[in-house]
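Scroll down for the structure; my scribbles are underneath it.
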Amino acid sequence: MADPDRPEPPRGPLAGVRVLLGVSGGIGAYKAVLLARLLVAAGAEVDPVLTSGAQRFVGAATFEGITRRTVRADVWEDIAADTHVAAGRAAQLAIVYPATAHTLAKLAGGLADDLLSTTLLAATCPLVVAPAMHTEMWQHPATRHNAEVLTGRGVHLLGPSDGMLMGGDTGPGRLVDPEAALALLLRLHGGRERHDDLAGRRVLVTAAGTREPIDPVRFLGNRSSGKMGFAIAAAAAQRGATVELVTGPSSLATPPGVRRTDITTALEMRAAVLASVDAASDLDVVIKAAAVADFRPGSASGSKIKKDAGVPTIELVANPDILAELGARPRDAARPLLVGFAAETDDVEANGRDKLRRKGADLLVVNDVSGADAGFDVDTNRVVILGRDGERTEVALTSKSEVAHRILDLVVARLSPPD
Ligand code: PMT
């Protein structure tokens, strides 16, 4: 019989894990109560930290009742206990749910003027940020910039999703459901052993789109921002790899510890990639997230093509396929593991499977780029990862950072043990 004086040890996938639940002042704050409940049911010890705005939407008593822990909200309370530093250090996972535009800006800028922002500056654990705001605010260049700064720092940006917003309008800006937040936290917790599983490995990542010049001012290009490739480079560096990033034009900051080579055209990308592959006999992995132009103008005009001369006819020639070229090399100990991507809109998986075979890759990450929340120039992605060995892994909509880690999990499983 259970001893009433001795509480049962926590059970569940997050048993005993300290989760810092930051809640900022958006209408979605009510969903944070549901998330707290899910976390408690998963066994977590939840430390809610509410901003003053959050407390106008939901009472601290609700969180206290659900988590059975004291809710902290004031940075000036109990100064002697160093609450923010202690809570930050103790956290094993942290999530800001919802994160308003203001909170996002404070985190990106490293500001620390309340308990939540000071605590998060003291935390070194994985951090998930789930933005929620009106579409216009989410799409504002300042917010986009802040989101990119956070992603570049390895923060897991989750959402927002597309749907009904406060006031009856619809669009991107809706807080993701608490179940999706829990699922990401569970995966992050499960991945803590990832810490340095790529130590001693060399990884080459390509990112962003190439630009193929038509004349000195015009080019053929595509919508790739580099977010997916940069997230992979950041994740591989976090896991201890020596990372080289060959990237087309991108405004993103180079992830910490990553060596970056900027290129513009597909031919330049090919030269940089092959030089790296051929120079480094110890290169373990090549991950080709770049959107390389399949065609380029046969000859770019040396001067700006004049409108008055009529509509020009631009003859295109095929670019070399870098992935296929590497994939055609003998599959021996010197050949790095090859990971390709496929951006598809129709028959997504079948086309991906075909590319995996044709290009000789070991893994192929297929993204369905027909939705607004995945693929090009967004912070989230939804992919299916196909292995040459027949393994199939589906990654539901999540941050590009998390997609990057899921790809690297499969890479690690396929690397032969280091010499
Ligand atoms: O940068 P983001 O905005 O974050 O967007 C990410 C992304 C959608 C660009 C990325 O996730 C992605 O899908 N990248 C590959 C896009 C693509 O060009 O797919 P593809 O099906 O055309 O090419 C298949 C593979 O062959 C890719 O690995 C590509 O790098 C490679 N390729 C293609 C053409 C070529 N000439 N040489 C190549 O190496």
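The values are calculated or read from the model by the stated rules, or taken from the named source; none is laboratory data. Computed from a prediction, not measured in an experiment: that's the story for all the values here. Neighbour counts are summed over all protein chains in view; Cβ atoms, including those assigned to glycine, are modelled from backbone coordinates with ideal geometry. Areas reflect the complete protein model, heavy atoms only, side chains present, ligands, DNA and RNA absent. Shrake-Rupley method; radii C 1.70, N 1.55, O 1.52, S 1.80 Å.
Values computed for the structure shown
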quantity: Index of the failed condition, D78 passing every other in (1) within 14 Å of G25 (Cβ to Cβ); (2) open to solvent by 40 Å² or more (accessible area, probe 1.4 Å); (3) of a type in the set (D, E, K, R); calculated: (1)
quantity: Flag for L39 being buried (at least 18 other Cβ atoms within 10 Å of the Cβ) and assigned to a helix (DSSP H, G or I); calculated: yes
quantity: Qualifying position, being touching a strand residue (DSSP E or B) at 6+ places or on another chain (Cβ under 6 Å) and within 28 Å of R144 (Cβ to Cβ), among A112, A91, A108; calculated: A91
quantity: Index of the failed condition, N367 passing every other in (1) at pLDDT below 95; (2) part of a strand (DSSP E or B); (3) more than 11 Å from the ligand (Cβ to nearest atom); calculated: (3)
quantity: Complete set of residues in the stretch 374-409 that are part of a helix (DSSP H, G or I) and either open to solvent by 50 Å² or more (accessible area, probe 1.4 Å) or more than 12 Å from the ligand (Cβ to nearest atom) (or both); calculated: E402, H405, R406, L408, D409
quantity: The stretch 131-149 - residue that is touching a strand residue (DSSP E or B) at 6+ places or on another chain (Cβ under 6 Å) and free of Cβ contacts under 8 Å to residues at least 60 places away in the same chain and, of those, surrounded by the most Cβ atoms within 10 Å (Cβ to Cβ); calculated: P131
quantity: The stretch 15-26 residues that are over 16 Å from L104 (Cα atoms), paired with ones that are outside any loop (DSSP other than H, G, I, E, B) and of a type in the set (S, T, N, Q) (beta carbon under 8 Å, 6 or more apart); calculated: L20/T119
quantity: Residues of the stretch 150-161 classified as among the hydrophobic types (A, V, I, L, M, F, W, C) and either assigned to a helix (DSSP H, G or I) or in contact with a Pro (Cβ under 6 Å, 6 or more places away or on another chain) (or both), total; calculated: 1
quantity: From the options L188, L165, L198, residue that is without any contact (Cβ under 8 Å) to a residue 60 or more places away in the chain and open to solvent by less than 30 Å² (accessible area, probe 1.4 Å); calculated: L165
quantity: Options R89, R56; residue that is within 21 Å of L186 (Cα to Cα) and open to solvent by 80 Å² or more (accessible area, probe 1.4 Å); calculated: R89
